[in-house]
Amino acid sequence: MKNFEKMPSLEIGDLKVDLPIIQGGMGVGISLSGLASAVANQGGVGVIASVGISMIKTGMQKSFRKANIEGLVNEIRRAKSLTNGAIGVNIMVALTDFENLLMTSVEEEVDLVLLGAGLPLKVPQLLTPERIREGKTKTIPIVSSARATDIIFKSWAKHNCSPDAIVVEGPMAGGHLGFKKMQLGDPNYKLENLIPDVVDVVEPWQQRFGKSIPVIAAGGVYSGADIRKYLQLGAKGVQMATRFVPTFECDADIAFKQAFVNAKKDDMAIIQSPVGLPGRAIRNSFLNEVEAGEKKPFKCPYKCLITCDYKTAPYCIAQALSNAQQGRLQDGFVFAGANAWRTTGITSVKDVFDALAEEYATARLEDAPSASPQQRLAACA
């Protein structure tokens, strides 16, 4: 790696990570032990997506709940065997087996759990306040507004505990979005406007609990310049996912990764998910057929998402995402962040980190009006 200015480290309680980068959890099966361990080995936080792990090998079946837990345990243990770095698990609150996935992750002593797709208000009862305060695993809700942040802190405070950090995710993220469709293009909901508001909400809770509670920026974070910008706005780290999909270590099929390489800006689409939320994906023939009203009939032996009504849904989103992960894009589609079209090829996780470091340093030079052309050249030498 070139001798660039190093990004700051990220500290969440007693957990210290070399770089302020958390890899976003991507399901079904996009970020498992392979990608997570590779990111952790480069000094970031590698994250396993817990949703539907068993579908990749076993498909939808009556033992899905049990197989999902077994699959998560296997992925956590494999990731830990491949790295000494930080490993986390992303768990959707809207999953019907949320409680089991959460307890399993904590029992396996992952470094952190990221809790999104709903407000995790019952976590203090599930884990107990003592376990939250004193356990190894850091608890980090994912929110889309300052209001949601305040609700979570007020709820947890009744049990004399607080989250260890907060991820605020803006509308440029991939997958399901915590915004109404009309809000996605509204400047008021841009990530750079959300971060200061969330930081302001968190500040008094830091005072009350006598600890640092870092805010992590997410949703459309793609470059080292983005990292610098969001750190300057008050975030202590970033969560990024799209940049890590087209890597050799990503756990998806090569056809899934190639969809990022082939994508053009006009291919980025907002869809209405069967679970009732807007989502960002790369347009393909499957989504075109759904949009044209071609229902994809299916049976649902296991209700994986609380908000999904399989009797009226045009297709099973869990199965569609599982198909895509395995390269069967004719029977599924690819969730992706707004910047996926910027992908130029498939590379290694190390190369991504090297590029982020260079972009971060270059952004510093561009922000410094006093830097001479000679200084800029010297910094990039």
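The table below gives the values:
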| read-out | value |
| --- | --- |
| Check: the chain dipole with +1 on Lys, Arg Cβ and -1 on Asp, Glu Cβ, in debye | 620 |
| Residues THR362, THR343, THR149, sorted so that the one with the fewest Cβ neighbours within 10 Å comes first | THR362, THR343, THR149 |
| Choice from ASP253, ASP14, ASP150 showing the highest fluctuation, given a GNM over the chain with Cα pairs closer than 10 Å | ASP14 |
| Amide H partners (placed H, <5 Å) of ALA336, local residues excluded | GLY175, ARG280, ALA281, ILE282 |
| Charged-residue dipole, Cβ positions (Lys, Arg, Asp, Glu), the range 198-265 about Cα centre, Debye nearest 20 | 200 |
| ASP351 versus LYS154: modelled label distance in nm, points set 7 Å from Cα along the beta carbon direction | 5.0 |
| Value of [θ]222 nm, deg cm²/dmol, for the chain, DSSP H segments ≥ 4, -39500 (n - 2.57) each, nearest 500 | -11000 deg cm²/dmol |
| 5 angstrom amide H check on VAL238, placed H, neighbours 5+ away | ILE21, ILE22, ALA217 |
| Positive dipole terminus of the chain, leading residue within LEU231, SER9, ALA86 (C-beta point charges) | ALA86 |
| Under the Karplus curve 6.51 cos²θ - 1.76 cosθ + 1.60, θ = phi - 60°, whole-Hz ³J(HN,Hα) for the range 349-358, x wherever Gly or Pro sits | 4, 4, 4, 4, 5, 4, 5, 4, 4, 5 |
| Sorted by Cβ neighbour density within 10 Å, fewest at the top, the residues VAL290, VAL201 | VAL290, VAL201 |
| The range 127-199: trypsin sites (Lys or Arg not before Pro) in DSSP loop, at most 12 other beta carbons within 10 Å | LYS158, LYS180 |
| DSSP-defined antiparallel bridges as percent of all bridges, the chain, nearest 5 | 30 |
| Distance (nanometres) between label positions extended 7 Å along Cα→Cβ at THR128 and ASP331 | 4.5 |
| FRET efficiency, LYS190 to SER63 (Cβ-Cβ, R0 30 Å, nearest 0.05) | 0.10 |
| Most mobile of PHE209, PHE64, PHE248 in a GNM of the chain (Cα contacts under 10 Å) | PHE209 |
| Cα-centred dipole magnitude for the range 112-160, charges only on beta-carbon of K, R (+1) and D, E (-1), debye, nearest 20 | 20 |
| Lys pairs under 29 Å by Cα in the range 15-163, provided they are eight or more residues apart or on distinct chains | 24 |
| Residue of GLU130, GLU75, GLU108 that the Gaussian network model of the chain assigns the largest fluctuation, springs spanning Cα pairs under 10 Å | GLU130 |
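Throughout, read-outs are computed from the coordinates displayed, never taken from laboratory work. Model, not experiment: these values are computed from the prediction. Methodologically, a virtual Cβ is constructed for each residue, glycine included, from the backbone with ideal geometry; neighbour enumeration extends over all protein chains shown.
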